[in-house]
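What follows is a short report on a single structure.
The values are calculated or read from the model by the stated rules, or taken from the named source; none is laboratory data. Being a predicted model, the structure only gives us computed values, none of them experimental. No Cβ is skipped: glycine too gets one built from the backbone with ideal geometry, and neighbour counts run over all protein chains shown. Ligands, DNA and RNA are excluded from the accessible area calculation, which covers all protein heavy atoms including side chains. Shrake-Rupley method; radii C 1.70, N 1.55, O 1.52, S 1.80 Å.
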Amino acid sequence: MHIADGVLATPVLVAGIAMTLAGTTLGLKKLDDDKIPFAAVLSACFFVASLIHLPLGPSSVHLIFNGLIGLLLGWLAFPVMLIALILQAMFFGFGGIVVLGVNCLNIALPAVMVGALLRPMRHHIPAQLLGFLAGSGAVLLTGIMVSSSLYLSGEAFSKTANVVFWGNLPLSLLEGVISGFIIVLINQVKPEILKGVHSNV
């Protein structure tokens, strides 16, 4: 999911930075004091899960749990993931600094979209299906966005873009299954987390 520095075209980088700044600003406006510990835990989960990755051209394939984060935090997905991406780039050289905006946008925007779509359905479908749809749907959208970022950066990356997209399909199924079990566990152990998820996130 992470794209390395020196790959993307300047217009793609500028658009990614601008949209990530907008999303992060909106997310921070929705950050209440009582959400900070939960947001920090989910940011740490994303940080650790995405460090275990399989390189795929100028990108990589790894678990990200963005669907889960989007379902539970909504727009807070932007600052939560941006912080983790900054730390990964600084301490592990994972991804890059210049490409931070695009990497965050490609992961956080699908989280927000999937969360907004599924959040109203949380009381009407089984918890495991809710988690599966969130996890698989967000990863699938992220794969499309990463591929699009590469494709828009030049014809030289068109084949790589296709490889990245198809490489993310099995990952979307795996993440959907894992996210489904996580939502079931949350629903059994701390159901107030899901009950507290509301439309203004």
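The single condition among (1) open to solvent by 50 Å² or more (accessible area, probe 1.4 Å); (2) at positive phi that GLY154 does not meet is (1).
Among the conditions (1) modelled with pLDDT under 95; (2) over 13 Å from SER149 (Cβ atoms); (3) in contact with a helix residue (DSSP H, G or I) (Cβ under 6 Å, 6 or more places away or on another chain), GLY57 misses just one, which is (2).
Which of the numbered conditions does ASP5 fail, given that it passes all the others? Conditions: (1) surrounded by 15 or more Cβ atoms within 10 Å (Cβ to Cβ); (2) more than 22 Å from VAL98 (Cα to Cα); (3) at pLDDT below 85. Of everything listed in (1) surrounded by 15 or more Cβ atoms within 10 Å (Cβ to Cβ); (2) more than 22 Å from VAL98 (Cα to Cα); (3) at pLDDT below 85, ASP5 misses just condition (2).
Taking the numbered list (1) modelled with pLDDT under 90; (2) open to solvent by 60 Å² or more (accessible area, probe 1.4 Å); (3) closer than 18 Å to HIS62 by Cα; (4) among the aliphatic types (A, V, I, L, M) in turn, LEU174 passes all entries but (1).
Pairs meeting the criteria (first residue in region 177-196 and without any contact (Cβ under 8 Å) to a residue 40 or more places away in the chain, second residue surrounded by fewer than 16 Cβ atoms within 10 Å (Cβ to Cβ) and not in a helix (DSSP H, G or I), beta carbons under 9 Å, at least 6 apart or on different chains) are LYS195/HIS123. Hey, any hits in region 11-24 for a residue that's open to solvent by less than 10 Å² (accessible area, probe 1.4 Å), modelled with pLDDT under 95 and of a type outside the set (A, V, I, L, M, F, W, C)? No - not one qualifying residue is present in region 11-24.
Taking residues in region 20-44 that are within 16 Å of CYS104 (Cα to Cα), and partners anywhere that are open to solvent by 70 Å² or more (accessible area, probe 1.4 Å), the pairs with Cβ atoms closer than 6 Å and at least 6 places apart or on different chains are LEU26/TRP75; GLY27/TRP75; SER43/ILE83.
Among the residues of region 25-34, the one identified as surrounded by 12 or more Cβ atoms within 10 Å (Cβ to Cβ) and out of contact with any helix residue (DSSP H, G or I) (no Cβ under 7 Å at 6 or more places or on another chain) is THR25. Taking the listed residues MET90, MET81, the one that is over 16 Å from LEU194 (Cα atoms) and buried (at least 22 other Cβ atoms within 10 Å of the Cβ) is MET81, with no other qualifying. Looking across region 93-115, just one residue is part of a helix (DSSP H, G or I) and either open to solvent by 60 Å² or more (accessible area, probe 1.4 Å) or aromatic (Phe, Trp, Tyr) (or both), and that is MET113.
Among the residues that make up region 175-193, is at least one of them out of contact with any strand residue (DSSP E or B) (no Cβ under 6 Å at 6 or more places or on another chain), among the hydrophobic types (A, V, I, L, M, F, W, C) and more than 19 Å from LEU73 (Cα to Cα)? Scanning region 175-193 turns up at least one residue that is out of contact with any strand residue (DSSP E or B) (no Cβ under 6 Å at 6 or more places or on another chain), among the hydrophobic types (A, V, I, L, M, F, W, C) and more than 19 Å from LEU73 (Cα to Cα). Mind listing just one residue for me: the one in region 177-187 that is closer than 15 Å to ARG122 by Cα and within 17 Å of the chain's Cα centre (by Cα) and, of those, surrounded by the fewest Cβ atoms within 10 Å (Cβ to Cβ)? By that ranking, first place goes to ILE182.
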